[in-house]
1. If you check every pair at least six apart or on different chains, which have Cβ atoms under 7 Å apart with a residue in the range 125-140 that is in contact (Cβ under 8 Å) with a residue 60 or more places away in the chain first and a residue that is in a loop (DSSP other than H, G, I, E, B) second?
2. Regarding Ala56, is this residue at pLDDT below 95, in contact with a Gly (Cβ under 9 Å, 6 or more places away or on another chain), closer than 17 Å to Val104 by Cβ and open to solvent by less than 30 Å² (accessible area, probe 1.4 Å)?
Amino acid sequence: TFTMEGGLMYFGFAGYAMGNEGTGGNIWAGTGSVLNLNDGLVTYGKSYSGGGNIYAKSGSQVTVGCVVEKGNGNYGSKTASGGNIYLISSTSGAISKLTITGTVSTPIGTIEHGGNIFCSCSDVIVDGGTVENGVATSRGGNIYMTNTQGNLTVKNGGKILNGSAPLG
């Protein structure tokens, strides 16, 4: 379990080394991790292949109550997804869950799917928070969800605003 109650996390970098494509520039969370980002700022994370600021694996529980912004999930030479946040679960693994009560905003770099958030077999709950200003070159300007498992829920005044992607 990792809990952030304030402060600043910035300029993290996950590059390409020894055949491994780096993910999660500021935070990389392994299978079943719990991240509670209750307050503060997570910004300018860079990764080679997705999740510029945060990358979380199967069964992770991520709560974003802070500001997560300006992640670059494609700081390499290949196509990547999830400019700010990338959650992945296998179809046979435990579903990951992302709850947003804060703000996820303004990714940078060229992102193919999910300008702000890319989710595979994951639940996303925007609970009074905001996901905004995401841009993707293919699908999911703000949020891209893939596979049949997982749900997107917006409640308690949550907002998904100003996303842009040519294919929806």
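1. Gly129/Thr101; Gly129/Gly102; Gly129/Gly158
2. Numbers: at pLDDT below 95: yes; in contact with a Gly (Cβ under 9 Å, 6 or more places away or on another chain): yes; closer than 17 Å to Val104 by Cβ: yes; open to solvent by less than 30 Å² (accessible area, probe 1.4 Å): yes.
It is true that Ala56 is at pLDDT below 95, in contact with a Gly (Cβ under 9 Å, 6 or more places away or on another chain), closer than 17 Å to Val104 by Cβ and open to solvent by less than 30 Å² (accessible area, probe 1.4 Å).
Residues are listed down the side, and each one gets a yes or a no for (1) over 18 Å from Ala136 (Cβ atoms); (2) of a type in the set (A, V, I, L, M):
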residue: Ser58; (1), (2): yes, no
residue: Thr63; (1), (2): yes, no
residue: Tyr75; (1), (2): no, no
residue: Leu87; (1), (2): no, yes
residue: Ile111; (1), (2): no, yes
residue: Ile117; (1), (2): no, yes
residue: Ser120; (1), (2): no, no
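The values are calculated or read from the model by the stated rules, or taken from the named source; none is laboratory data. Quick caveat: nothing in here was measured; it's all calculated off a predicted structure. Note that we place each Cβ from the backbone using ideal geometry, even for glycine, and neighbour counts take in every protein chain shown. These area figures cover heavy atoms from the full protein model, side chains too; ligands, DNA and RNA do not enter into them. Shrake-Rupley method; radii C 1.70, N 1.55, O 1.52, S 1.80 Å.
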